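Everything below concerns the one structure shown next.
The values are calculated or read from the model by the stated rules, or taken from the named source; none is laboratory data. These figures come from a predicted structure and were not determined experimentally. Methodologically, a virtual Cβ is constructed for each residue, glycine included, from the backbone with ideal geometry; neighbour enumeration extends over all protein chains shown. Just so you know, the surface numbers come from the protein's heavy atoms only, side chains and all, with ligands and any DNA or RNA stripped out. Shrake-Rupley method; radii C 1.70, N 1.55, O 1.52, S 1.80 Å.
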Amino acid sequence: MYAVFNCIAYEHDLRLVGLAAVICALASYTAISLLHHVRTSSGHMRRAWLAVSAISTGFGVWATHFIAMLAFSPGVPTAYNIALTGLSLVAAILLTGAGLAVAVSIAGAGAWLGGAMVGGGIAAMHYTGMAAFEIPGRIVWDPILVAASIALGGLIGAAALPVGLREDNVKWKILGALLLTTAICSHHFTAMGAAKIIFDPAIELSGTALPPGLLAIAVAFASFIIVVLALGGVAIEIRARRRKLETDLMRGAANATFEGLLVCEGTTIVTVNDNFAALIGCSADSVVGAKLEQYFADTDISRTFFDHPNQSIEGTLVHFDGSKIPVELIQRSIDFGGKPHRAVAVRDLRARKEAEKHIRFLAHYDALTRLPNRVSFNKKLDQEIEVALAMGRRLAVLCLDLDRFKEVNDLCGHAAGDRALQSFAKRIGGMLDENQMLARLGGDEFAIIAPGLSLPTGAGRIAETILEALQSVGANMEIDTPIAVSIGIAICPDDATDRHALLSQADTALYRAKNEGRGTYRYFDTSMGAALRERRLLEHDLRNAIARGELRLVYQPEKNIRAGKVVGFEALLRWRHPTRGEVSPAEFIPIAEDTGLILQIGEWVLRTACREAATWTQPLTVAVNVSAVQIHNANFAQVVHEILFETGLSPGQLELEITETALVRDLNRALATLRRIKMLGVRIAMDDFGTGYSSLANLRAFPFDKIKIDGSFIKSVDSGGQAAAIVRSVLGLGRGLNLPVLAEGVETSAELGFLESELCDEAQGYLLGKPADIESYRRLTHGGEAIDERPAVIELKAKVSSM
């Protein structure tokens, strides 16, 4: 260190040393600044800027060395070998350029390696320049200081480039330039301290050597180049910073949009927003400088796109992984950085394309079952009818309808119903031949086209196979309720020769299959048409019966046999059609249950009966029949509660009558609903006991308030036999369970006498009162004496005993 200090302090002109340091710092900053520009360039521009940066660094190292040599005063004449002096300049440019190239080309440790290579270039330039130094004597080198100079230049140079290239801002550029300046200066003066000059008058300066004066001119020229490059670098940096600011502002605004946006100069991308970068799977900075063709699969985009500004076209964007993305492009000219550029908006069309694809699918297929829909079915049927008529062969259309599917939805929920439809479609579709088509026409309606039949019986075999397959499955895999299907078959050309008529005939046969027991199939015959039209007309009129005021309630009294007094009324539904007259409940109730109208009609009946009973001054009960569809409706208990609240009827006055069939379909669900209703205080009666499943478990599972014996048993009790035995058993069962028993259909005094003798609690029938408007019983509902039938019974018994 002492030798180096003495070398600087006593053997150099400090003014020139200061100038050398300034030139070195200026060249270092210029090199670092230009190197940032190299990193943001590509292609031939990248190589050009790398060359300028190498020249700046090389000239800076070379000028620093030779200004410092001019400041060196050995006390003897000096000169410089021209060839070696020039070689030192070339070595400085090439070696430092190689180091800079490595620093910007290799990620990670590339900057450290490149910096070390620059340090090596400094050493090579210095010792080549010292070889060009001529004096009347010779130079002896201190190997330790020589090694120290090389180490200093390499280590500090290795640290300079990573620091200078860390971030693109003035702070890190200055720190990097200071480290590079330190590397150059520390190497030079340490190396000068390692040199010891031994004078030898016998050694003369060569005649071709460059005198210090001419060297000063060369150094001045090199310094001028450095200044020019420095000023250019500053101008470039200012321009780059301004452009970066504009780019950041534009990118910030562009990032506020939902579309991808890029700005290009010609076909070179200048900047992109984050949405575009995310779209292609790259960072925004990695896209800058690339060509449009790299990211757009349409190679003629410059012709098809740039020639049509403000017009959207569809193209294909290439993702980073090679996948292709459909996009919509629109471009317009803008001013960016004082130059004309093109702004390109890129809209991702994947969602729209998928939606269009889905729409096209939905136009021809059912979304739930993935089967062809009615449109595809109609088109296929038209084609097959044309072929069948031309080839003289038969074609069958099978219309399928799931039996009681609405109850499946009500019992198990729509999700389970959807799964049942999917399972049905998958199973039946897998059974058909390739030339046969299964389609879903809507809801639980399906249809099959079976072309190329030689005989109509072929369609029957298809139907039998379907029915057997469903029976073999048993309970559906997704739900606990068995799924059955009814099938109607029509044959072309036997039944019809056009699509509309053929479907109508198959639909008619389907209705016949449903009416004749379900879970079967029927061929169309001409007698079916009138019956189907009649049923459909009745269904249509029933839908409007409530609104038109055609439905009404009649009331039949229920009498306590022992007391001889009316204890309540049963509300019975009647339909007076404007043209048909009175329509039997046995005719329209099944239609209401099949179509789901029973929910609307049943609620009307319940509300009307409760509203009427709430006006009675006598504490009589009103009994209302409830269908299985109502019991299995999840909202039925809530409906009952709302009606009671709305009408003001005491819950104890309402009695709901249900059949055993309603319990069997889904016992747990039905009992849960009944328990909620009973918690309201409503009475529950088992209607038509003995005609259904007559399970004692049903009576034990739920605490019913009454048992009603069906009238079919009462008609034969006075003649003895099995009917009388059954009635006695039911009456005994009621007494054992402490349940009152009501006998329906009492029409003769003999029947009433039998019931009284067997201690039956209540009776109902034409003998005790016919169903009539409630006004006919006003004296019973609003006060007055009740009808007492006991004398008639006593008189009858007297006559019987005297016979």
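If you roll a 1.4 angstrom probe over the protein chains with everything in place, what fraction of the accessible area of the range 103-210 belongs to carbon and sulfur, to the nearest %?
Working: 3270 of 4710 Å².
The value for the range 103-210 is 69 percent carbon and sulfur by accessible area.
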Roll a 1.4 Å probe over the protein heavy atoms and report the accessible area of Thr621 in Å², nearest 10. 30
Per residue of the range 752-764, what does 6.51 cos²θ - 1.76 cosθ + 1.60 with θ = phi - 60° give for ³J(HN,Hα)? Whole Hz please, x for Gly and Pro, Karplus curve as stated. 5, x, 4, 5, 5, 5, 8, 6, 5, 6, 9, 9, 8
I'd like the accessible area for Arg562: 1.4 Å probe, protein heavy atoms, all chains in place, Å² to the nearest 10. 110
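Within a Cβ distance under 13 Å of Leu395, other residues only, what is the Lys/Arg minus Asp/Glu net charge?
-2
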Using amide H atoms built 1.01 Å from N in the peptide plane, name the residues 5+ places from Val485, or on other chains, whose amide H lies under 5 Å from its own. Asp403, Gly519
Quick query: amide H of Phe569 versus all other amide H atoms, modeled in the peptide plane; which residues come in under 5 Å with a sequence gap of 5 or more or a different chain? Glu558, Thr621, Val622, Ala623
For the pairs Lys379/Lys514; Lys291/Lys357; Lys291/Lys324; Lys514/Lys706; Lys324/Lys380, flag any whose C-alpha to C-alpha distance is greater than 26 Å. Lys379/Lys514; Lys291/Lys357; Lys514/Lys706; Lys324/Lys380
With all protein chains present and a 1.4 Å probe, the order of Asp687, Asp705, Asp348 from largest accessible area down is Asp348, Asp705, Asp687
Sort Lys291, Lys514, Lys196 by heavy-atom solvent-accessible area, probe 1.4 angstrom, most to least. Lys196, Lys291, Lys514
Name all residues of the range 133-171 having a backbone nitrogen under 17 Å from the label point set 7 Å from the Cα of Ser206 along its Cα→Cβ direction, giving them as ranges. 133-139
Cut-off under 22 Å on the C-alpha distance; same-chain residues fewer than 8 positions from Lys173 excluded. Which lysines are left, in chain and number order? Lys244
Residues Glu747 and Arg543, FRET efficiency given R0 of 30 Å [Cβ-Cβ distance, rounded to 0.05]: 0.30
How much solvent-accessible surface does His319 expose, in Å² to the nearest 10, with a 1.4 Å probe and all protein chains in place? 50
Residue by residue through the range 610-619, which ³J(HN,Hα) values in whole Hz follow from phi under the Karplus form 6.51 cos²θ - 1.76 cosθ + 1.60 (θ = phi - 60°), with glycine and proline marked x? 5, 5, 5, 5, 5, 8, 6, 8, 8, x
Karplus-derived 3J(HN,Hα) from phi for the range 291-296 (6.51 cos²θ - 1.76 cosθ + 1.60, θ = phi - 60°), whole Hz, x at Gly and Pro, runs 8, 4, 4, 5, 10, 10
Net length gained if the chain between Ala297 and Lys357 were fully extended (0.36 nm per residue, minus Cα distance): 19.4 nm
Let me check something: with ligands and nucleic acids excluded, how do Met391, Met679, Met117, Met192 order by accessible area (1.4 Å probe), largest to smallest? Met679, Met391, Met117, Met192
Amide proton proximity set for Gly266, modelled H, under 5 Å, gap of 5+: Arg342
For a Förster distance of 35 Å, can you work out the FRET efficiency between the beta-carbons of Arg427 and Met391, rounded to the nearest 0.05? 0.70
Mind checking which lysines have their Cα closer than 18 Å to the Cα of Lys770? Skip sequence neighbours fewer than 8 apart in that chain. Lys559, Lys565, Lys708, Lys715
